[in-house]
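K.L.:
Here it is: the structure, laid out below.
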Amino acid sequence: MTVDAVKIYKMEEVKKHNILKGANKSVWTVIHDKVYDITQFLDEHPGGEEILLENAGTNASESFEDVGHSSDAREMLSEYYIGDIHEDDTFGSADLGPKSWGTGQVQTQESSWITSYLIPMSLALGCAFIYRYVFG
């Protein structure tokens with residue numbers, strides 16, 4: 001049983017892979033200290049190739065997270081993974097997972113039940129008592 005060794009790249013080598021013209025087109029980027037060869041993905045990227053080209057040869061972790069990529073997009077990264085960035089060049093960023101477009105807070109079932117049922121029912125009950133004693 002053999003284990004494939006992970007290829008390690010220096011940032012200087014990644015920077016060289018921002019060749020955009022001719023037969024030698026090569027676009028690499030770094031996301032969360034992992035190196036990706038995204039050359040073949042340029043034409044397929046839903047946001048257009050321009051954003052990928054802007055991040056060619058750079059650490060694109062922040063840009064990747066700012067957009068709020070889905071879990072499917074994060075899984076697709078594995079198709080383009082070619083290695084890790086050298087420990088001297090790491091950025092220390094962590095994959096935060098897909099962005100939650102809600103309030104930014106994790107909502108539990110209990111708080112959801114309270115806001116969905118308990119508060120409206122309490123307001124209705126309070127209105128019923130007020131109506132009964134004021135108009136009754």
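K.L.:
Of the residues in the stretch 44-86, how many are in contact (Cβ under 8 Å) with a residue 40 or more places away in the chain and in a helix (DSSP H, G or I)?
P.N.:
Matching residues across the stretch 44-86 total 2.
Listed here are the residues, each with its yes/no results for (1) modelled with pLDDT of 90 or more; (2) surrounded by 11 or more Cβ atoms within 10 Å (Cβ to Cβ).
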{"position": "Thr58", "(1), (2)": "yes, yes"}
{"position": "Leu77", "(1), (2)": "yes, yes"}
{"position": "Asp89", "(1), (2)": "no, yes"}
{"position": "Gly102", "(1), (2)": "no, no"}
{"position": "Leu123", "(1), (2)": "no, no"}
{"position": "Gly136", "(1), (2)": "no, no"}
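K.L.:
Among the residues of the stretch 87-97, what is the count of those that are under 11 Å from the mean Cα position of the chain (by Cα) and without any contact (Cβ under 8 Å) to a residue 60 or more places away in the chain?
P.N.:
So the answer is 2.
K.L.:
Output the number of the condition that Tyr81 fails; it satisfies all remaining conditions of (1) touching a helix residue (DSSP H, G or I) at 6+ places or on another chain (Cβ under 6 Å); (2) hydroxyl-bearing (Ser, Thr, Tyr); (3) at pLDDT 90 or above.
P.N.:
All conditions are met except number (1).
K.L.:
Taking the stated definitions as given, is Glu12 over 23 Å from the mean Cα position of the chain (by Cα), surrounded by fewer than 12 Cβ atoms within 10 Å (Cβ to Cβ) and in a helix (DSSP H, G or I)?
P.N.:
yes
The values are calculated or read from the model by the stated rules, or taken from the named source; none is laboratory data. Keep in mind the model is a prediction, meaning the values are calculated, not measured. A quick note on method: Cβ atoms are made from the backbone with ideal geometry, for glycine too, and the neighbour counts reach across all protein chains shown.
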